[in-house]
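The values are calculated or read from the model by the stated rules, or taken from the named source; none is laboratory data. Worth saying up front: this structure is predicted, and the values here are computed from it rather than measured. Don't worry about glycine lacking a Cβ; one is built from the backbone with ideal geometry, like all the others, and counts go over all protein chains shown. In case anyone asks, the SASA skips ligands and DNA or RNA and just uses the protein heavy atoms, side chains included. Shrake-Rupley method; radii C 1.70, N 1.55, O 1.52, S 1.80 Å.
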Amino acid sequence: MCGILAVFGVAEVSLAKRARIIELSRRLRHRGPDWSGIHCYQDCYLAHQRLAIVDPTSGDQPLYNEEKSVVVTVNGEIYNHEELKANLKSHNFQTASDCEVIAHLYEEYGEEFVDMLDGMFAFVLLDTRDKSFIAARDAIGICPLYMGWGLDGSVWFSSEMKALSDDCERFITFPPGHLYSSKTGSLRRWYNPPWFSESIPSTPYNPLLLRQSFEKAIIKRLMTDVPFGVLLSGGLDSSLVASVVSRHLAEAKVAAQWGNKLHTFCIGLKGSPDLRAAKEVADYLGTVHHELHFTVQEGIDALEEVIYHIETFDVTTIRASTPMFLMSRKIKSLGVKMVLSGEGSDEIFGGYLYFHKAPNKKEFHEETCRKIKALHLYDCLRANKSTSAWGVEARVPFLDKNFINVAMDIDPEWKMIRRDLGRIEKWVLRNAFDDEEKPYLPKHILYRQKEQFSDGVGYSWIDGLKDHANEHVSDSMMMNASFVYPENTPATKEAYYYRTIFEKFFPKNAARLTVPGGPSVACSTAKAVEWDATWSKNLDPSGRAALGVHDAAYEDTLEKSPASAKPVSDNGFSPALGESIVKTVASATAV
């Protein structure tokens, strides 16, 4: 994962300005410690800090077309670059970098090429022939990007807020799935999938299609020239990632260079739920497993550094980012530069425990759409910045464009939690990988209930954070919180404590406005809080806040649930269960 900084239209063109751009670009060096680059053209600057994953020897940036009239600085991975290159036969490529294709696509198609890219990315491109420029961000916002404006009329783009916050009068989070063009001076959305309208789909559930789509998403993300691994918490999502990687690693190109033994990583307080479950999955899959520990005090000691890197004061994000930040440091020390992770599944399939309270399939589906659209402010931000802080790249196969389209096209009636039918949260995903002949995972792992990462690393982690905040934030400080922080006022002492740290690093109002707010329970959106009247009195983002759901775990799932006890048939589910659900869908559709 690299760091990019681009500035256009500065009033002062001088060596001092160039030095200032280089100085600001260094603030992103943690994202790309392998090499630095800068291109200056009149009053335009494009800087890059590189983390070399593909083509480490010749893929330094910025990158160019043949005549060097098109310059591009990119953070990301383009998984279909070989296919795209094959269709650009008249172009000569100077490197083996997957990102160079962007310059040539622009030369061939102009600004209308972004939807051709299959990957995660944030890039800025300068056409020196007319001094026009564009910037774009991937569909979901896996790669971070900010946009700012200077008092001198300059326009700025940066991977992280810290590189432009001092020099810009105003800055915003660049919206996912959008492109900015200097020719129009405006943003436009290039990503327009069917689910974005939030209309209710009616496609029947096809478990084999879902499984195949996910396996393809995994395989394309094995594109690497450096050692990699999988973040394994022992929950459903990360365990499926590890299982599928294990099945396909031997046939991937990376195996010839680095071997076909998968490395997995897990972190937690000693005795935490994640550590136990992860070890069991690792033993089952035969991976080289690295179990990492941290203490509550070590996590607390890292909080300021974590908030500086992740650039948010959102409580849930900080709780989960801290162990991920600590784990990434240890992963990098082992020589690993890229990891696959399980973010996105809960948003797509309604995996958070509060989805048990969804009143109907319409509200269920609309909430999943809202959650996916907000991922760039929460889990994508956490996964990217927590790992990039130590020069590690995180790839998220659940957020593959094609996989999202397949999963979000399923009639949401199939995703609804129906205990009477033996369907727990994310049943459609669990069932798709419930293969009796060649199991992907042990049954009880495949049907393990959801644990939020900040919970799964050890429940005392969150309790320790609350106790620490209580020691530093007084009752009188909370009483005056609305006057001190009138926007997005902290509702708890923990939130207040994080806010004070954030404000120390990012004091401008523009920085505050990049952080989302509003009521939430167990990671819900504000709209979903309305599903249960009691939730408004217990606005805690922990998964434990879904009262009556997590504690009433499905002890008898394996014995009583036909969904988990019977094998997947040719159409992906047991005939009896399939028939009962078809009737349910039919009756719901008729209504």
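Okay, here's what the table says:
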read-out: Residue check, residue 238 in contact with a helix residue (DSSP H, G or I) (Cβ under 6 Å, 6 or more places away or on another chain) and not basic (Lys, Arg); value: no
read-out: Residue list for the stretch 383-413, restricted to those being more than 25 Å from residue 115 (Cα to Cα), open to solvent by 10 Å² or more (accessible area, probe 1.4 Å) and part of a helix (DSSP H, G or I); value: 413
read-out: Residue count for the stretch 25-35, restricted to those that are in contact with a strand residue (DSSP E or B) (Cβ under 6 Å, 6 or more places away or on another chain), modelled with pLDDT of 95 or more and surrounded by fewer than 21 Cβ atoms within 10 Å (Cβ to Cβ); value: 1
read-out: Some residue of the stretch 437-445 being of a type outside the set (S, T, N, Q), within 26 Å of residue 328 (Cα to Cα) and in contact with an Asp or Glu (Cβ under 8 Å, 6 or more places away or on another chain); value: yes
read-out: Count of the stretch 455-505 residues which are open to solvent by less than 10 Å² (accessible area, probe 1.4 Å) and part of a loop (DSSP other than H, G, I, E, B); value: 3
read-out: Options 321, 333, 328; residue that is assigned by the TED database to the domain that holds residue 383, free of Cβ contacts under 8 Å to residues at least 24 places away in the same chain and farther than 15 Å from residue 234 by Cβ; value: 333
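Listed here are the residues, each with its yes/no results for (1) in contact with a Pro (Cβ under 8 Å, 6 or more places away or on another chain); (2) of a type in the set (S, T, N, Q).
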| site | (1), (2) |
| --- | --- |
| 178 | no, no |
| 182 | no, yes |
| 191 | yes, no |
| 205 | no, no |
| 222 | no, no |
| 227 | no, no |
| 232 | no, no |
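For every residue, the table says whether it meets (1) touching a residue at least 12 places away in the same chain (Cβ under 8 Å); (2) within 13 Å of residue 303 (Cβ to Cβ); (3) among the charged types (D, E, K, R).
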position: 460; (1), (2), (3): yes, no, no
position: 463; (1), (2), (3): no, no, yes
position: 478; (1), (2), (3): yes, no, no
position: 481; (1), (2), (3): yes, no, no
position: 488; (1), (2), (3): yes, no, no
position: 491; (1), (2), (3): yes, no, no
position: 499; (1), (2), (3): yes, yes, yes
position: 502; (1), (2), (3): yes, yes, no
position: 506; (1), (2), (3): yes, no, no
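A quick yes/no check of all residues on (1) outside any loop (DSSP other than H, G, I, E, B); (2) more than 13 Å from residue 397 (Cα to Cα):
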site	(1), (2)
199	no, yes
211	yes, no
215	yes, no
219	yes, no
223	no, no
226	no, yes
230	yes, no
234	no, yes
239	yes, no
